[in-house]
Amino acid sequence: MSTAKPIIAIIGRPNVGKSTLFNRILGRRAAIVDDFPGVTRDRQYGEAEHCGKEFIVEDTGGFEPGSEDGMLLLMAEQVEMAIREADALVFVVDGREGMLPIDKTIWEQVRRAGSKVFLAVNKIDSPTADPLVADFFVLGAEHMFPMTAEGGSGVAELLDCLIENIPMPDVPEEDAEEPDRDASGP
Ligand code: GDP
Ligand code: MG
C-alpha cells in the first residue's frame, strides 16, 4: 500500500461553506500545514484523520472578486488547479439556495477532467430543511451528502465514503496510541 497521504480538495463557489467544512474536518487535533511542497499561497492545507486513515485536506477560494465575470474566471482557475493537484474533490453547494448555473459549470469541468468527486449539499441544518436538495439530483452524482458543516451532521458520512473510496495510509501506531497531542510532557 502507498504511504503517501492523498490530497482531498474542497471546491465550490464563494460562501457555500467550504472553509467551515475544512475546519470541521480538521477539528482541533490536526495541524495546519502551510509549507506543503508544490502549492500556491492562496490555499490552505491541513492534515486530517478519520477512522485511522490519514489524508491532506485543502481549502480553496479565500477572496471574492467584485464582478460576475471575474468570479467565473477565478472559479475555473481554482477548480483547474484543484483537479491537477488533488486525488479527489469535495464539491460543496448551498442546499438552501439550490443549484445555480455556476454550480453546473463547475460540475461539468470536474466531470470532463474525470476527477473523483463527492458532492456535499451544505446548509441542511435539520432533516426537514431540505427542500432544495433534489435540485442537485440532476447532476447524477455517485456520492451525494446532505450536511451541515456548521452543525456537523452528514460530515461523518462524507468522510466514511472518502476513506472507503480513496486509498489512504493508516495512522502510525505511535500516533494512534497517543490520547492527546496537546498535552504537555515528552
Ligand atoms: P466559503 O466561502 O465557501 O469558504 O464559505 P464559509 O465557510 O466562509 O461560510 C460562508 C457562510 O456560510 C458563513 O456565514 C458560514 O457561517 C455559513 N455556513 C457554513 N456552513 C453552514 C451550514 O451548515 N449551515 C448554515 N446555516 N450556514 C453555514
Ligand atoms: Mg472560504
Open item on the list: Being more than 16 Å from ligand 2 (Cβ to nearest atom) and at pLDDT 95 or above is the filter here; which residues of the stretch 87-98 pass it?
Closed with: Asp87, Ala88
Task: Residues (part of a loop (DSSP other than H, G, I, E, B) and either within 18 Å of the chain's Cα centre (by Cα) or surrounded by 20 or more Cβ atoms within 10 Å (Cβ to Cβ) (or both)) located in the stretch 65-98 - done: Ala86, Asp87, Gly95
Task: Among residues of the stretch 145-168, those that are surrounded by fewer than 16 Cβ atoms within 10 Å (Cβ to Cβ) and touching a helix residue (DSSP H, G or I) at 6+ places or on another chain (Cβ under 8 Å), counted - done: 2
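The values are calculated or read from the model by the stated rules, or taken from the named source; none is laboratory data. This is a predicted model, so every value here is computed, not measured. Quick reminder, even Gly has a Cβ in these numbers, built from the backbone with ideal geometry, and neighbours come from all protein chains shown.
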